[in-house]
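For reference, the structure discussed in these notes is given below.
Any read-out appearing in this document is the output of simple, stated calculations on the displayed coordinates, not a laboratory observation. A quick note: this is a predicted structure, and the numbers were derived from the prediction, not measured. With ideal geometry, Cβ positions are generated from the backbone for all residues, glycine too; neighbour counts draw on all protein chains shown.
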Ligand SMILES: *[C@@H]1O[C@H](CO)[C@@H](O)[C@H](O)[C@H]1NC(C)=O
Ligand SMILES: *[C@@H]1O[C@H](CO)[C@@H](O)[C@H](O)[C@H]1NC(C)=O
Ligand SMILES: *[C@@H]1O[C@H](CO)[C@@H](O)[C@H](O)[C@H]1NC(C)=O
């Protein structure tokens, strides 16, 4: 009798497992959407862009990529959402709540929440600006504060709870040792989700498991990694793709083997999440025409960015 009760309790309580159990792989041809954003200046070769590092990051892990343009009608996002297996919100420099990136992102975020609530495992990843966008979308307000954190390479200060996470709970021990003890994460942000503000916001603490935080140059703590408890939604304030594919000459980016191992782990983790739903293109021609390869890659080498895809969002 006692034994049976214990057994039942173990089954029911998600105390040491994660709340959300990832379903098995159902798709070995994941296609991930990456959101574009407005170009910084009008003299560039297109009105919107995606930095090539994000594309390579996903391709490295076995995914194909479809660009998602901004300033399109809701029907465009709804259609694309049904064909792709995940979305990556990249870093950049547009407004986190009011830009076309944020407005398009909000439509995709809402579609993902709705789909996941209906049992569809649709993962989202936000890097840097994308991370900030996710926090703002969940809080439903601009949740950012200025920090002195641009151009810092840092180890993560892991939360106590990281072991219960999907992202880090089953990561190789070596990856966790590197993350904890070595400067393997690249930070290029002027805004942050402050740790104290996060911890005092029930909307964010009930939605996201805090995985790590860091201090800026003044010792102000910001959230550096989170994942949603009940949704396959993940964010890093740091840039794993830059360690692998970023060769900016005016920054001191680490390319240590340990930083590369961490970044490759993250790419594999996210693309693996995208193998767990069956969204697909129904028309092979539409599929082929939607791929990033159809778009023009430009060589910048301006000191910060090496390669970019540019788009004219208003025309194509
Ligand atoms: C963070 O930003 C909010 C909104 O702008 C502001 O009210 C708050 O004082 C800021 N907090 C800190 C610690 O700077
Ligand atoms: C970034 O930091 C490195 C030193 O770690 C420095 O050499 C470089 O000039 C900095 N770049 C920028 C753009 O701040
Ligand atoms: C965008 O439009 C401008 C002006 O017509 C053109 O010069 C540029 O090549 C276009 N960019 C792309 C990526 O097609």
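Checking the a/c ratio against 1.5 first, then a/b against b/c, what shape does the Cα gyration tensor give for the range 172-236? In terms of gyration-tensor shape, oblate.
As a rough guide to protection, the peptides 42-48, 114-120, 130-136 ranked by mean Cβ packing within 10 Å, highest first, stand as 130-136, 42-48, 114-120. Placing dummy labels 7 Å off each Cα toward the beta-carbon, the span from residue 230 to residue 247 is 4.7 nm. Taking square-rooted eigenvalues a ≥ b ≥ c of the alpha carbon gyration tensor, is the range 127-216 rounded, prolate or oblate, where a/c under 1.5 means rounded and, failing that, a/b exceeding b/c means prolate? Oblate shape, in that a/c is at least 1.5 and b/c is the bigger or equal ratio. Counted over the chain, the DSSP beta bridges are approximately 65% antiparallel.
The alpha carbon centroids of the range 51-121 and the range 268-312 are separated by 11 Å. Classified by the C-alpha gyration tensor, the range 29-311 has a rounded form. Its axis ratio a/c, with a ≥ b ≥ c, is below 1.5.
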